[in-house]
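Here's the structure we're looking at; comments come further down.
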Amino acid sequence: MTRSLQAKIFLAAVGLFSGLWGISWCLPQQSRVLRVLPSTADSPEFRKKLLNSWKEMHSRLGADIILNPEVYSHGFKNSIVIEPGWSTPPPALLNSARSFHLRSAYEDEANIVRGVATLKPHRLQFNPRVYWYGNSYIFLLAGWIGASSLISPVTLVPGLGYYLENIDKMAAIFLSGRLLSAAIFWACALLLAFIGKRHFNERAGLIAAGLFLVSPALVIQSHYMKPHLLGAMFILISFSLCADMLKTGNTRKGILAGGVIGLAAAAAIHLSLGVLIVAIAFALRLLEKNEIAAEIKWVVCSALSFFAAFFIVNSYYVTEFTTTMNAMSAVSTFLHLNPLKILTFIFLCIPLALTIPIAAAYAYGLLARGNRNSVVGRFAVISVSVFLLTSIVYSTVDKFDSIRYFGGSLIGFLLAGAAIASGRKEVKALAVVAFVYGLAATSVMNYNFYLDATGRSTRDFAGQWIEKEIPAGSELLLLQLPQPSNSPYFQWNRYRLRFVEPNAIKTLAKTGPLPEYVILTHVGGDHSPIFKPLENRYKRIKQFDSFSLGWIRFPIGQLLANPRVDIFQRSQPLDKTAAASRMTQGIAESL
């Protein structure tokens, strides 16, 4: 067995480990529902009530529900209080109850599955009404889930009623979609190995694939449904096509590259920035003093190829032009130009996303003199550098997984692989250290995903502790209505629940009255700054933290899985007699 074959087998094993371990995290389960709702609510009548409330909501908010501002509200104004003792969830908790039946802990997955269900080819309805994401991904996902239904427990039935009665079938759909993400992740690694060998050498391709397979923020994209990695894969393919054109002069490759970038844009609209690949190739060919008329001809054809691919796949941009333009106007409000984003992305996001050692290898590939000595190397260096500048328009640049917006991410791994493969022994040794550290960080991350299942997550343990240690009838403050991602799993009807918008915390601190306990589940970021106006009035009595290994830990709230849960108690707690009295009163009112 050759060393090359040994390396390929080893990387295949690493890829399977990275892409699959923990992939079934926080899926819908009946046991999860029973952790938060009383057994009396587990009835066909209640599930019908959930279905009717869902239909009413969609009827009220319209077909483009995802663009309605109400969807992004907290579901209440400033604050809301729900008394304990009920047997059927009150109206304010119906959406939460339905989410525990049907949603995973990753909020976008339900929207994407709904987008797939919205497609009606027999009616020529091809608008998934997601808008952030397009049909390059949605069509692929629909075909994948449809094929899965032929060989797996995935069952496809119109409407939500069936899935409210059979929660495991909804979980199977989510898992099928995540397996597609894992397949895209593996395809990216294979392409890195193939393209690296094609344009540099075999060792460069294998090193690029290896570093990619253990970069945590790239691995995490195999664990949920999102189109960004598919778009980055298309951009990598377009880069390879343009590199072929620069080496051979075959402008047909440049024209084809435009169509491939159109597919990237049709997966996620911000990846239309991939046209920069063709623009850079065009500029480099002009510098070689090729005939201007011939260059303009192929680049115009490439642009036409881009638009053809984009509008054929996302045909609703034409057939529903006004609706789509209004939607894109709403989507654009999430973009804010700020030059400081570039520095934040380079010096904060990339080290967080890749780990510092792999980020160092990434930077070495970008700066290495050897990569600038070949036409493909120069093309790659310019492409990655220009793509780094596009971070000025990203919606977020300071989070662990913000790197998913970086369309040129895979090209950077090629540069790292090429520079390391041709580097000195010391460079190769540092690359081994980077790989080992990345593998350790990925293992820590995937272990947290593995832990994030009903019965063993921080949300479960926090919920069990709350029920054991906090008297029934006590008042608990939470920042959001419960969802599978953002709240410990405890019986909601056991406590007086107060939900307060983050912006209303300061007012609560001034006016009171203050609840006995505060529960902070750090999802989407560290919520400690939100709690700051109240921190002098409370003491932390319990913390359930994500798994970490020495100095390998991820930013609070950004890992998604197995989040930190902090429980605070007011400095002068309510006595147990008062709590019991409140519980009795709540039961009486519910009757």
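Given the residues 434, 440, which is the only one that is of a type outside the set (Lys, Arg), crowded, with 24+ Cβ neighbours inside 10 Å and under 27 Å from residue 556 (Cβ atoms)?
434
Which condition from (1) under 30 Å from residue 554 (Cα atoms); (2) of a type outside the set (Phe, Trp, Tyr); (3) not in a helix (DSSP H, G or I) is the one that residue 290 breaks?
(1)
Among (1) modelled with pLDDT of 95 or more; (2) part of a helix (DSSP H, G or I); (3) under 25 Å from the mean Cα position of the chain (by Cα), which single condition is residue 10 missing?
Exception for residue 10: condition (3).
Within the range 491-530, can you find the residues that are out of contact with any Phe, Trp or Tyr (no Cβ under 9 Å at 6 or more places or on another chain) and assigned to a loop (DSSP other than H, G, I, E, B)?
Passing the criteria: 491, 512, 513, 515, 516, 522, 523, 524, 525, 526, 527.
Tell me, yes or no, whether the range 309-323 has at least one residue that is in contact with a Gly (Cβ under 9 Å, 6 or more places away or on another chain), small (Gly, Ala, Ser) and not assigned by TED's automatic domain parsing to the domain that holds residue 415.
Yes, the range 309-323 contains a residue that is in contact with a Gly (Cβ under 9 Å, 6 or more places away or on another chain), small (Gly, Ala, Ser) and not assigned by TED's automatic domain parsing to the domain that holds residue 415.
Do any residues in the range 504-529 that are under 20 Å from residue 463 (Cα atoms) have Cβ atoms under 7 Å from those of residues that are among the hydroxyl-bearing types (Ser, Thr, Tyr), where the two are at least six apart or on different chains, and which pairs are they?
516/474; 517/474; 518/538; 521/487; 523/485
So which residues in the range 42-60 are loosely packed, with under 15 Cβ neighbours inside 10 Å, assigned to a helix (DSSP H, G or I) and not polar (S, T, N, Q), if there are any at all?
Of everything in the range 42-60, those that are loosely packed, with under 15 Cβ neighbours inside 10 Å, assigned to a helix (DSSP H, G or I) and not polar (S, T, N, Q) turn out to be 44, 45, 48, 55, 56, 58, 60.
What about residue 264, is it outside the structural domain of residue 407 (by TED's automatic domain parsing) and aliphatic (A, V, I, L, M)?
So residue 264 passes the test.
Residues that are closer than 20 Å to residue 565 by Cα and free of Cβ contacts under 8 Å to residues at least 12 places away in the same chain: does the range 446-466 have at least one?
So far as the range 446-466 goes, yes, one or more of its residues are closer than 20 Å to residue 565 by Cα and free of Cβ contacts under 8 Å to residues at least 12 places away in the same chain.
Restricting the search to the range 459-511, which residues are surrounded by fewer than 22 Cβ atoms within 10 Å (Cβ to Cβ), of a type in the set (A, V, I, L, M, F, W, C) and farther than 19 Å from residue 80 by Cβ?
If the condition is that a residue be surrounded by fewer than 22 Cβ atoms within 10 Å (Cβ to Cβ), of a type in the set (A, V, I, L, M, F, W, C) and farther than 19 Å from residue 80 by Cβ, then 461, 465, 472 are the ones that fit.
Output the number of the condition that residue 227 fails; it satisfies all remaining conditions of (1) touching a strand residue (DSSP E or B) at 6+ places or on another chain (Cβ under 6 Å); (2) farther than 30 Å from residue 307 by Cα.
Looking at each condition in turn, residue 227 falls short on (2).
Looking at the range 27-41, is at least one residue in a strand (DSSP E or B) and surrounded by 12 or more Cβ atoms within 10 Å (Cβ to Cβ)?
For the range 27-41, residues in a strand (DSSP E or B) and surrounded by 12 or more Cβ atoms within 10 Å (Cβ to Cβ): absent.
Going by the conditions given, is residue 429 of a type in the set (A, V, I, L, M) and more than 30 Å from residue 341 (Cβ to Cβ)?
In short, yes.
The values are calculated or read from the model by the stated rules, or taken from the named source; none is laboratory data. Bear in mind the structure is a predicted one, so any value in this text is a computation, not a measurement. Glycine also receives a Cβ, built like all others from the backbone with ideal geometry; neighbour counts cover every protein chain displayed.
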